[in-house]
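Below: one structure, written as structure tokens.
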Amino acid sequence: MNNSNERNNDRISTKPHDGERRERRGRRPRQRREDDGLKDRVIHIGRVAKTVKGGRNIRFTAIVIVGDGEGRVGKGMGKAAEIPDAIRKGRDEAKRSMIKVSLADNTIPHEIVGKYGAAKVILKPAAEGAGVIAGGPVRAICELAGIQDIKTKSLGSNNPNNVVNATMNGLQSLLSPQMVAKKRGVSVNEI
């Protein structure tokens, strides 16, 4: 009799109570996830329907931005039959394609225009306390890169993939004062 009671107690203790179960069922935040010090944000999820002989095949694409908030940011695109798989693949690609962004305090060192296809993004340094003045994909990239004060304007194409690529292009082209001094062969103070 004791053995059966012990087994029943074991079974009962392993099952979650109703309160615990309700907590687990709650919607988890899809926007940001942290592990290994990186934050990620899903910019866009697209549904692609391919018509085949038996009907339609539906797949999903996800554009994901990953950053550490200290000047490193990456972009990835994942494609899969299910949304979570597409997001995971996008996150993995974004981690592999991370770039280092030159920062000057909490902003960027100088104005720059990033271009990709028909998309054009103007990035301008802003005074301290101005915040991130940007829309959609550009805002996500700036925040995850650790830029706290910046003014931006997206021109041309509003395709999220092209806007993200144009922004990344602009950020990658930024030069720090040290890089400019080295290029010109002078000290930083002379610039």
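The values are calculated or read from the model by the stated rules, or taken from the named source; none is laboratory data. Everything quoted here is computed from the prediction, not taken from an experiment. Cβ sites come from the backbone with ideal geometry, for glycine too, and all protein chains shown count toward neighbours. Note: areas computed on protein heavy atoms with side chains; ligands, DNA, RNA excluded. Shrake-Rupley method; radii C 1.70, N 1.55, O 1.52, S 1.80 Å.
Does Glu82 fit the bill of being closer than 14 Å to Ile65 by Cα, open to solvent by 20 Å² or more (accessible area, probe 1.4 Å) and modelled with pLDDT of 90 or more? Spell out how you get there, then give the answer.
Details: closer than 14 Å to Ile65 by Cα: no; open to solvent by 20 Å² or more (accessible area, probe 1.4 Å): yes; modelled with pLDDT of 90 or more: yes.
No, not satisfied.
Considering Arg30, Arg88, Arg22, which residue is at pLDDT 50 or above and surrounded by fewer than 14 Cβ atoms within 10 Å (Cβ to Cβ)?
The match here is Arg30.
Residues that are among the hydroxyl-bearing types (Ser, Thr, Tyr) and either modelled with pLDDT of 95 or more or within 25 Å of the chain's Cα centre (by Cα) (or both): does region 5-15 have at least one?
Let us first name the residues in region 5-15 that are among the hydroxyl-bearing types (Ser, Thr, Tyr), namely 13-14.
The next check asks that each one be either modelled with pLDDT of 95 or more or within 25 Å of the chain's Cα centre (by Cα) (or both); those that pass are none.
Within region 5-15, none of the residues are among the hydroxyl-bearing types (Ser, Thr, Tyr) and either modelled with pLDDT of 95 or more or within 25 Å of the chain's Cα centre (by Cα) (or both).
Spot the failing condition for Ser187; the list is (1) of a type in the set (Gly, Ala, Ser); (2) under 21 Å from Ile99 (Cα atoms); (3) surrounded by fewer than 20 Cβ atoms within 10 Å (Cβ to Cβ), and only one is missed.
Of the numbered conditions (1) of a type in the set (Gly, Ala, Ser); (2) under 21 Å from Ile99 (Cα atoms); (3) surrounded by fewer than 20 Cβ atoms within 10 Å (Cβ to Cβ), the odd one out for Ser187 is (2).
Could you please let me know if Lys120 is touching a helix residue (DSSP H, G or I) at 6+ places or on another chain (Cβ under 7 Å), under 30 Å from Ile58 (Cα atoms) and not acidic (Asp, Glu)?
No: the conditions fail for Lys120.
Taking the conditions exactly as written (among the aliphatic types (A, V, I, L, M) and more than 20 Å from Gly67 (Cβ to Cβ)), does Leu155 satisfy them or not?
yes
Determine the pairs where a residue that is more than 20 Å from Val164 (Cβ to Cβ) and among the acidic types (Asp, Glu), located within region 104-125, has a partner that is part of a loop (DSSP other than H, G, I, E, B) and open to solvent by 30 Å² or more (accessible area, probe 1.4 Å) with Cβ atoms under 8 Å apart, the partner being 6 or more residues away or on another chain.
As it stands, the answer is Asp105/Glu128, since those pairs meet every condition given.
Being of a type in the set (Val, Ile, Thr) and more than 30 Å from Met179 (Cα to Cα) is the filter here; which residues of region 76-113 pass it?
Result: Ile83, Ile87.
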